[in-house]
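Each remark here refers to the structure printed beneath this line.
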Amino acid sequence: MTLEPVPPKALWTPLAWLPHGWQRHVLLTIGQDDCWADVETNVLTPPPEAVPLAGALLPGLVNAHSHAFQRAFAGLAETTTGEQDDFWSWRSRMYHLAARITPELLRAIAAQLYLELLRGGYTQVCEFHYLHRDVSSEPYPEPLTMLEALIHAAEDVGIGLTLLPTVYERAGFGQPDLLPEQRRFFATPDFVWEVVKAVEAGNRPVIHVGLALHSVRAVRPESFDHLRRLAEDFTGPIHIHVAEQVAEVEACLRATGARPVAWLAREGYLDPRWQLVHATHTDAAEREAIARSGAGVVVCPTTEANLGDGFVDLPAWAELGVPLAIGSDSHVNRDWREELRWLVYSTRLLTQRRGIAGLPSPAASLFTGAQLAGGDAAGQPTWGLTPGARADALVLATDTPTLLGATPEHLLEAVVFSSPGPAWSDVLVAGRWWLQRGRHPRQGRIHARFKAAMETLWETARLNVPVNGLLVSQNAEPTEPSADDDRP
C-alpha cells in the first residue's frame, strides 16, 4: 500500500504569486482548519517547522465547469461526417455515451479526469451534474447514487469538488418533455433542492454544493420561479448554460421575446450567486446587465473551439471589468494554461492584433481574474495564497527548459505562453500533498480502473446494447435538430 505524504505545517518559497503579484521569500503557515493561517513576505530564512520549496508557488485554480462523464469521449469524436459536421453530430454521439454510464463507470472516469485536472493545475472542480437516473431512466432508490460516485472519485484523487445538481425538464422551448435519449437527465427543482440539502448534511471535507439549471430552454419558466423561492436564503453558487449558440438565442427570442441573458435579467434572477456558463453570444446590453448584477461568467475556450460555438468577446468583458472563470466542460483539454492561451490567441486571430484593450498583461490579468471568479463559482469567496483561503498550491518547477532564463517579472507569462508548458512538480490541496515530484499515490489504481471502464463502454457500443429502449449505434448519423432543440 502506498503511504500518503505527511501534511506540512508550513511552506517557505523563494517566490510566490500573492494577491498583488509575485513576492519574494514567502512563509505560508497552515492552520488546523487546513486553510492558510498566515502569509508573510521577506522571510529570508525558512524556519525549522517550514518545508523549503525549490520552485515558485502559485495558487491552484478552480475548474468552474465540468461534465465528468464526457472525459470518456475526449478525442473520440473527431472523425467528422462531412463539412456540415457540427455540434449536433457531436451531441448524437455524446448521448450514446451518456446512456451507458453506470455509477461504477462514472467513478472510474471521474477519478481519471480529476487526477488529470490536478496535474493541469486545478485544485477544485465544479461538477455540472445531470446524469440523475439509471440507464433505464428510472430513479435510483438512493437519490445521491451518481453524486456519491463523483464524491468518491474526488476523494480518491484529493481534489476539491463543488457539486451542482441540475434541473433539467424539457427538450426545448415549446416541448413539454425530454427526448427519449434525454430521459435519464430529468430532475425537478424539488428533487435538486432535496439533493442539495442532503449533500450539505454530509459535511464532508473539501466537498461543497451549489445548484444548477440546465438552460433557459431546458427548464420551464415556472420552475425557475419555484427554485427561486426554495433557494431564497441559499448562499451557494447557481450555475446555468446560457447563450452558447446562435440557435439558442434565436429560439429564446421567438419563445419569450428576449435573448437568454436578457430574459434572466428581465425576470430578476441575476445576482452575485449566478454563474453564466459560456455567455458566448451576448450583446452589449446583456453584458452590462451581468456586470451590474455582480453575476459571474464561466468560459470554456477549448471546448467552445472544439464544438465551433464561437469566440469569447474578451475585449468587451475586459472593458466592463468582469473577471472570467474558466472550465474545461467536455475535457478535450485538462490544463488551465491552455484555456488561457486560447482566450488570448483566439482574440488575436479575430482582431489581427496582439494588443487587447484592457489587458496590458494578459497572463497576469486573466490568471488573477480566473482565480477570483473561480473561487466565487465554486462557493469559495476566499481563494488563493491568502489567509483564510484553503491551503491549496502549485509548486512550479522553474528549472524546466521552457522557463529557463525567465525573470520573476515575466515568469507567469512564460508559464502561460511558452509551450509545451511545465508540469507542476507538486500540488497541495487542503494542506495535503496529492502530487509530489509529479506522482500521485493512487495513480496506478486510478489508471487501471479507467482503462477497464473504457473497455466496458466501447464493448457495449460495439455490440449495440439497447439502452432506454433505444438501439443507438456509436457511428449513427445525427438526426436533424428542430429549431428549439436543446444541448445537454
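The values are calculated or read from the model by the stated rules, or taken from the named source; none is laboratory data. Everything numeric in this text was worked out from a predicted model, so none of it was measured. Here Cβ is always computed from backbone atoms with ideal geometry, including for glycine, and neighbour counts include all displayed protein chains.
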Checklist outcome for this item: Result of the Cβ filter at 7 Å on the range 394-406, keeping first residues that are in contact (Cβ under 8 Å) with a residue 40 or more places away in the chain and partners that are part of a helix (DSSP H, G or I) and not polar (S, T, N, Q), at least 6 apart or interchain, is Leu396/Val415
Checklist entry - If you scan the range 190-224, which residues turn out to be acidic (Asp, Glu) and free of Cβ contacts under 8 Å to residues at least 12 places away in the same chain? => result Glu200, Glu222
Checklist entry - In the list Ala448, Ala453, Ala430, which residue meets the criterion of being at pLDDT 95 or above, at negative phi, surrounded by 17 or more Cβ atoms within 10 Å (Cβ to Cβ) and of a type in the set (Gly, Ala, Ser)? => result Ala453
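Conditions (1) polar (S, T, N, Q); (2) buried (at least 21 other Cβ atoms within 10 Å of the Cβ); (3) modelled with pLDDT of 95 or more; (4) outside the structural domain of Glu116 (by TED's automatic domain parsing), marked per residue:
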site	(1), (2), (3), (4)
Val297	no, yes, yes, no
Gly308	no, no, no, no
Pro315	no, no, yes, no
Ser328	yes, yes, yes, no
Glu339	no, yes, yes, no
Leu343	no, yes, yes, no
Phe367	no, yes, yes, no
Leu394	no, yes, yes, yes
Checklist entry - Is it the case that some residue within the range 93-106 is at pLDDT 95 or above, surrounded by 20 or more Cβ atoms within 10 Å (Cβ to Cβ) and in a helix (DSSP H, G or I)? => result yes
Item to check | Residues of the range 136-168 that turn out to be buried (at least 21 other Cβ atoms within 10 Å of the Cβ) and in a loop (DSSP other than H, G, I, E, B), as a count | outcome: 2
Next on the checklist: Given the condition under 24 Å from Gly294 (Cα atoms) and either of a type outside the set (D, E, K, R) or within 20 Å of the chain's Cα centre (by Cα) (or both), answer yes or no: does some residue in the range 200-208 qualify?
Outcome noted: yes
Item to check | Scope the range 409-423; condition within 17 Å of Gln23 (Cα to Cα) and either in contact with a Gly (Cβ under 8 Å, 6 or more places away or on another chain) or not in a helix (DSSP H, G or I) (or both); matching residues | outcome: Val415
Next on the checklist: Any residue that is more than 22 Å from the chain's Cα centre (by Cα), part of a strand (DSSP E or B), more than 20 Å from Leu340 (Cβ to Cβ) and free of Cβ contacts under 8 Å to residues at least 12 places away in the same chain - is there at least one of those in the range 432-453?
Outcome noted: yes
Item to check | Criterion (of a type outside the set (Val, Ile, Thr) and under 15 Å from the mean Cα position of the chain (by Cα)) met by exactly one of Arg334, Arg390, Arg348 | outcome: Arg334
Item to check | Extreme residue, surrounded by the most Cβ atoms within 10 Å (Cβ to Cβ), among residues of the range 257-288 that are in contact (Cβ under 8 Å) with a residue 24 or more places away in the chain and over 25 Å from the mean Cα position of the chain (by Cα) | outcome: Glu267
Checklist outcome for this item: Heads up, the helices (runs of 4 or more DSSP H) in the range 299-389 (entirely inside) with at least 3 residues that are out of contact with any His (no Cβ under 8 Å at 6 or more places or on another chain) and within 19 Å of Thr162 (Cβ to Cβ) are 362-377
